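See structure below.
The values are calculated or read from the model by the stated rules, or taken from the named source; none is laboratory data. Everything numeric here is computed off the predicted structure, so don't read it as measured data. Note that each Cβ is placed from the backbone with ideal geometry, even for glycine, and that neighbours are counted across all protein chains shown.
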């Protein structure tokens, strides 16, 4: 198996908010540590995202030893810290699309900060961990997830991003795709044919292509949707009426890398 190396590794502590570059992904038997570990919901505990509030794309996030700091870039002194040690208020049941998940309601002070920023009542939930069974190509997979939509790790091939940029005649930033691993494979879209891959010494199995939505039409640090690159992708990356770009993968073994 060919060995690949990536130094572009990211986690997204709060679902639908900016990611953080990390030196290593901590993959344990409880999932990808601190990736989509928190989630914003409305008062009915339904998931909220940049589709609902494009302003979320403006926020910056930083990590220190014990917390994550969320900053409003238009007001650098306006920030909130989220402790890595969860202060539980109560357990609740929340919705991610049509899935019901167990979660934990956390510090109201943090929820109030987001509510003020968005000018809407929102709540911040922390993950109570969930085990999800997926059947892919006649094989059952048990996947440990936080608040990911359905799969643990997202990989994007930088060669595919370059090809898409040429197709659009635009500079498409890889960050739009919110992947955990960005990797430079030999050819665009070669990931479509791969079943296994070795990255930074760890073997991964490809699960399925990632289906894209309007969120990739938000430029980095922008709150305005454009038509691209989803419009161009729809002309040559549509399968079964789903637009595909990037891949979901899982580690063969749970290790740090």
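Given the conditions (1) farther than 12 Å from residue 207 by Cβ; (2) at pLDDT below 90; (3) part of a loop (DSSP other than H, G, I, E, B), and given that residue 121 satisfies all but one, which numbered condition is not satisfied?
So the condition that residue 121 fails would be (2).
Would you check if residue 80 is modelled with pLDDT of 95 or more and surrounded by 14 or more Cβ atoms within 10 Å (Cβ to Cβ)?
Working: modelled with pLDDT of 95 or more: yes; surrounded by 14 or more Cβ atoms within 10 Å (Cβ to Cβ): yes.
Answer is yes for this residue.
Let me confirm something: among 89, 96, 61, which residue is within 17 Å of residue 12 (Cβ to Cβ) and modelled with pLDDT under 95? Please lay out each step first, then the result.
Details: 89 fails: within 17 Å of residue 12 (Cβ to Cβ); 61 fails: modelled with pLDDT under 95.
Unique residue meeting the criteria: 96.
Could you identify the single residue in 157, 180 that is crowded, with 20+ Cβ neighbours inside 10 Å, under 21 Å from residue 216 (Cβ atoms), out of contact with any helix residue (DSSP H, G or I) (no Cβ under 8 Å at 6 or more places or on another chain) and modelled with pLDDT of 90 or more? Don't jump to the end; show me each part of the working.
Values: 157 fails: out of contact with any helix residue (DSSP H, G or I) (no Cβ under 8 Å at 6 or more places or on another chain).
It is 180.
Given the condition at pLDDT 90 or above, assigned to a strand (DSSP E or B) and closer than 27 Å to residue 221 by Cα, answer yes or no: does some residue in the range 105-112 qualify?
Looking for residues that are at pLDDT 90 or above, assigned to a strand (DSSP E or B) and closer than 27 Å to residue 221 by Cα, one finds none in the range 105-112, hence no.
In the range 209-221, what residues are at pLDDT below 95 and surrounded by 13 or more Cβ atoms within 10 Å (Cβ to Cβ)?
Passing the criteria: 219, 221.
If we only count strands (runs of 3 or more DSSP E) wholly inside the range 47-104, which ones have 3 or more residues that are within 19 Å of the chain's Cα centre (by Cα)? Please lay out each step first, then the result.
Working: elements: 60-63, 67-71, 79-83, 90-96.
Filter on the range 47-104 gives 60-63, 67-71, 90-96.
Picking from 175, 228, 187, which residue would you name as being in contact with a helix residue (DSSP H, G or I) (Cβ under 7 Å, 6 or more places away or on another chain), at negative phi and surrounded by 17 or more Cβ atoms within 10 Å (Cβ to Cβ)?
Going through 175, 228, 187 in turn, just one is in contact with a helix residue (DSSP H, G or I) (Cβ under 7 Å, 6 or more places away or on another chain), at negative phi and surrounded by 17 or more Cβ atoms within 10 Å (Cβ to Cβ): 228.
Residue 47 passes all but one of (1) closer than 29 Å to residue 195 by Cα; (2) buried (at least 17 other Cβ atoms within 10 Å of the Cβ); which number fails?
Going through (1) closer than 29 Å to residue 195 by Cα; (2) buried (at least 17 other Cβ atoms within 10 Å of the Cβ) one by one, residue 47 breaks only (1).
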